[in-house]
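Q: Input: one structure, supplied below.
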Amino acid sequence: MNPGYALFGLPNGNGMGFVERGVRVTVIEMEGGCPLHGEIVLQGSKNAVLPMIAASILCTGVTVIHNCPVIDDVKCMMKLLRKLGCRTELTGHTLSIDTTDIIQETLEENAVKEVRASVLFMGSLLGRTGSAGLCFPGGCSIGKRPINYHLDAFEKMGIDINIMDEQINCKTAKLCGAKITLDFPSVGATENIILAAVLAKGVTQIKNTAREPEIVDFCRFLRNMGARIYGAGTKNIVIYGVKKLHPIEYTVCDDRIAMATYGLLIAGTGGNLVLHTKERQTENDIRILACTGCRLCVKNTALIIKQKKRVRPVDFIKTSPYPGFPTDVQSLLMTVLTKADGKSILEENIFENRYHTVSELIKLGANIKVKGNRVTIYGVGELRGKNIRANDLRGGAALVIAGLMAEGQTKLEHAKYIARGYEDMTDKLQNIGAKIKSGSE
Ligand code: EPZ
């Protein structure tokens, strides 16, 4: 029975596992302890392309997105688009989305539960159809990740929200602009409100918005579609609703978290890496790597990272909303600091449960103490390979770095999370000399 609104569940953050050469990869085996040398082409940004995919249903026609990363989260969002009646095609790094056909309003719950960004279809469905329905998202391993900021904002925009059991049903006869102040600069809430506001009647002013570069790229994408958005990248964004948007062709920005991942890998294993990017990396993003003592230089759009010395410890770093230190890099930096020449302290302030990597690093010989939302890392001379287990996307990538920093063999289980956000990681690392291979459990 079609309840007259889009009905879909929300993700609980479980990855679905990636397939390499036909094999569903859930295990990665490594032999670490050697410096790495070579070149990597940086992928397009996962956290910029996912809201763009949700936004594509705001207009009718064919949207083309270049530099699209070939990752599980993108494939999940494509599956959801097809369930909505769209046609999708990913050829190389170019994603085409044809939204000509009428929106099918019911999404299969399991397909949606595999990607957190599916929550963004709520804003774009409301913008396009005036209705959306979904179940409360389960928490995931890094935290509860509620959507109260999203729902509070939608109510202010004239959306009737009623909740029955686990179902949140949204409906509105007229989507209106509103004045909204976010309690916290939530990335997803900022994006969801913008998605609902671009076709709403009147003006929407959002205060205390997220300022991540992915939000800036997303708003540029929407402006190219004909949206009227001002202030992206600042704490205040104003959207003047328009009647119609049109499909576009667009190139997504680079993935700054993947850049930090590969840069910190070299900081941890030693060696040198040429990271080819589409655009010049910002000081803010490069600074993340400099704190480990590695040498960095920018040549046109390539970033060169060299590490010959032991990792330098950091006195104190805390994660905070952009332009602060990114929470997505916390477990990656923590891993590298396990072999630093001294004591380091990190503090996690975005998610309440983002220290799963600690127990796995201790199995490899790291010396880490957790107290509340702070970890103290006492650098050791050596890590030794063991069997360890990934628990989430960035933690999994951090444990690959750990396995390549450790002497001997490391087997990483539950590696399926990694492909949610990293394109062909094991191939890329093999190409710079890492002894690493992927397989199934
Ligand atoms: C986005 O998640 C990113 N995901 C995350 O990247 C990133 O870690 C996070 O922003 C913070 O930068 C994508 O862009 C797809 P939030 P999001 O809303 O939007 C609380 C990765 O590894 N909150 O900024 O879900 C929430 O619980 C992923 O690529 C509420 O309380 O993050 C969290 O503690 C992981 N109520 C904090 O705010 C709400 O309504 C930040 O969440 C919304 C959020």
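The values are calculated or read from the model by the stated rules, or taken from the named source; none is laboratory data. Computed from a prediction, not measured in an experiment: that's the story for all the values here. Reconstructed Cβ throughout: ideal geometry from the backbone, glycine too, with neighbour counts over all protein chains shown. These area figures cover heavy atoms from the full protein model, side chains too; ligands, DNA and RNA do not enter into them. Shrake-Rupley method; radii C 1.70, N 1.55, O 1.52, S 1.80 Å.
Q: Antiparallel versus total DSSP beta bridges in the chain: what percent is that, nearest 5?
A: 75 percent
Q: For Ser359 and Arg310, what does the FRET efficiency come to when R0 = 25 Å and r is the distance between their Cβ atoms, rounded to the nearest 0.05?
A: In this case the efficiency is close to 0.55.
Q: Sticking with this one: Cβ neighbours within 10 Å, averaged per peptide: list 330-338, 87-95 in order, most packed at the top.
A: 330-338, 87-95
Q: I've got another one for you. For a label point 7 Å from the Cα of Arg384 along Cα→C-beta, name the residues of segment 403-441 whose backbone N is under 20 Å from it.
A: 403-413
Q: Among 288-295, 145-152, how do they line up from the highest to the lowest mean number of other beta-carbon atoms within 10 Å?
A: Ranking, from highest mean packing down: 288-295, 145-152.
Q: Excluding Ile377 itself, calculate the net charge of residues whose Cβ lies under 11 Å from the Cβ of Ile377, where each Lys or Arg counts +1 and each Asp or Glu counts -1. Numbers along the way, then the final one.
A: Details: positive: Lys339, Lys343, Lys369, Arg374; negative: none.
Summing Lys/Arg as +1 and Asp/Glu as -1 gives +4.
Q: How about segment 263-362: which chymotrypsin sites (Phe, Trp or Tyr not before Pro) there lie in a loop by DSSP and see at most 15 other Cβ atoms within 10 Å?
A: In loop regions of segment 263-362 (DSSP not H, G, I, E or B), the sparsely surrounded chymotrypsin sites (Phe, Trp or Tyr not before Pro) are Phe316.
Q: Now, a different point. Give the residue list of GluC sites (Glu not before Pro) in segment 316-360 that are DSSP loop and have at most 16 other beta-carbon atoms within 10 angstrom.
A: Filter output for segment 316-360: Glu352.
Q: Mind giving me the FRET efficiency for Lys201 and Val298? R0 is 45 Å, r the Cβ-Cβ distance, nearest 0.05 is fine.
A: 0.50
Q: With the cut-off at 26 Å, report for segment 46-251 the share of all Cα pairs above it, as a whole percent.
A: Considering segment 46-251, 26 percent of its Cα-Cα pairs are separated by more than 26 Å.
Q: When you take every Cα atom in segment 217-326, what is the radius of gyration, and what is Dmax, the widest Cα pair distance, in Å?
A: Every Cα atom of segment 217-326 included, Rg and Dmax give 17.9, 58 Å.
Q: So for the chain, Kirkwood radius off the Cα pairs, Stokes-Einstein at 37 °C and 0.692 mPa s: how many µm² s⁻¹?
A: 148 µm²/s
Q: Distance cut-off 23 Å, Cα to Cα: go down the list Lys171/Lys244; Lys75/Lys306; Lys201/Lys244 and report the pairs above it.
A: Check vs 23 Å cut-off fails for Lys75/Lys306.
Q: If you don't mind, there's one more thing I want to ask. Calculate, for Val274 and Arg374, the FRET efficiency according to 1/(1 + (r/R0)^6) with r their C-beta to C-beta distance and R0 45 Å; round to the nearest 0.05.
A: After rounding to 0.05, the efficiency reads 0.80.
Q: Of the trypsin sites (Lys or Arg not before Pro) in segment 307-347, which ones lie in a loop per DSSP and count no more than 11 other C-beta atoms within 10 Å? Please report the intermediate quantities before stating the final value.
A: Working: sites: Lys308, Lys309, Arg310, Lys318, Lys339, Lys343; in loops: Lys308, Lys309, Arg310, Lys339.
Of the trypsin sites (Lys or Arg not before Pro), the ones in loops of segment 307-347 whose Cβ has at most 11 other Cβ atoms within 10 Å are Lys308.
Q: Determine the per residue accessible area of segment 46-251 with all protein chains present and a 1.4 angstrom probe, expressed in square angstrom.
A: 38 Å²
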